[in-house]
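The structure appears right after this line, and notes come after that.
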Amino acid sequence: MRFIPYVYDKDNNRIPVTISRATKEELESTNNDPLWQTSWTNDYLSDNGFDCYAVKVNDELVALGAYEVKVNQLVVYIVYMESQPESNPTLTEDRKYRGIGKVLIAQGIKLSVDNGFGGDVVLRAKTPNLENHYVETYGAVKLPSYDASAPRYLIADDAAKRLFFSYLE
């Protein structure tokens, strides 16, 4: 079996994507028109040693994900995920591609498996809608919070397997 990631286009067709380490040029492209919500060259994302990955349809950059392999916690922390402006639901109603968040979470699960963590990933829900989405769609479990930042969620065990297995062929 192989990991075969994909997204969906406007007509609900499954479109294969490639996921690879993001290049400096790909990260810098978030500062050009059309502007992304976040500059991926900001100090937080560029100075903390996160592993950034680019999701592409052919040569078109459709998403970026930042991950941190937390060896002492045996989990991959999904630091940040973002889709291109044409597919970002907070920027447009008529999205070019859908399923981007799911494939970025699946990439985190893959990194977790590759690092011997069994597929466990943690991510933060930055809005109440995302909290509900992570729980209802992906089977995420809310973790205790010890600070005022966004709530943390764990996707593990059967929930992680279901999500990841949807990309295996």
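The values are calculated or read from the model by the stated rules, or taken from the named source; none is laboratory data. Note that this is a predicted model, so its numbers are computed, not measured. Cβ atoms come from the backbone with ideal geometry, glycine included; neighbour counts cover every protein chain shown. Calculation scope for accessible area: heavy atoms of the full protein, side chains included, ligands and nucleic acids excluded. Shrake-Rupley method; radii C 1.70, N 1.55, O 1.52, S 1.80 Å.
Considering only residues in the stretch 1-10 that are assigned to a loop (DSSP other than H, G, I, E, B) and more than 16 Å from the chain's Cα centre (by Cα), the one that is surrounded by the most Cβ atoms within 10 Å (Cβ to Cβ) turns out to be Lys10. Screening Ile100, Ile109 for residues that are touching a Leu at 6+ places or on another chain (Cβ under 9 Å), open to solvent by less than 30 Å² (accessible area, probe 1.4 Å) and under 23 Å from Arg2 (Cα atoms) leaves exactly one candidate, Ile109. Taking the stretch 31-55 as the range and being touching a residue at least 40 places away in the same chain (Cβ under 8 Å), of a type outside the set (Phe, Trp, Tyr) and either surrounded by 18 or more Cβ atoms within 10 Å (Cβ to Cβ) or over 24 Å from Lys110 (Cβ atoms) (or both) as the test, the residues that pass are Pro34, Leu35, Gln37, Val55. Of all residues in the stretch 11-26, which are assigned to a helix (DSSP H, G or I) and within 16 Å of Gln107 (Cβ to Cβ)? Of everything in the stretch 11-26, just one residue is assigned to a helix (DSSP H, G or I) and within 16 Å of Gln107 (Cβ to Cβ), namely Glu26.
Only a single criterion out of (1) modelled with pLDDT under 95; (2) in contact with a Ser or Thr (Cβ under 8 Å, 6 or more places away or on another chain); (3) part of a loop (DSSP other than H, G, I, E, B) is not satisfied by Thr41, namely (1). Within the stretch 112-130, restricting attention to residues that are in a helix (DSSP H, G or I) and in contact with a helix residue (DSSP H, G or I) (Cβ under 8 Å, 6 or more places away or on another chain), the residue that is least open to solvent (accessible area, probe 1.4 Å) is Ser112.
For every residue, the table says whether it meets (1) closer than 27 Å to Glu169 by Cα; (2) in contact with a Ser or Thr (Cβ under 9 Å, 6 or more places away or on another chain); (3) among the charged types (D, E, K, R).
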{"residue": "Arg21", "(1), (2), (3)": "yes, no, yes"}
{"residue": "Leu27", "(1), (2), (3)": "no, yes, no"}
{"residue": "Thr30", "(1), (2), (3)": "no, yes, no"}
{"residue": "Leu45", "(1), (2), (3)": "no, yes, no"}
{"residue": "Ala54", "(1), (2), (3)": "yes, yes, no"}
{"residue": "Lys70", "(1), (2), (3)": "no, no, yes"}
{"residue": "Ser87", "(1), (2), (3)": "yes, no, no"}
{"residue": "Lys96", "(1), (2), (3)": "yes, yes, yes"}
{"residue": "Gly99", "(1), (2), (3)": "yes, no, no"}
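May I ask you to list the residues in the stretch 56-73 that are loosely packed, with under 11 Cβ neighbours inside 10 Å and at pLDDT 95 or above? Result: Asn58, Asp59. Within the stretch 131-152, the only residue that satisfies the criterion of being outside any loop (DSSP other than H, G, I, E, B), out of contact with any strand residue (DSSP E or B) (no Cβ under 6 Å at 6 or more places or on another chain) and either on the phi > 0 side of the Ramachandran plot or open to solvent by less than 60 Å² (accessible area, probe 1.4 Å) (or both) is Glu131.
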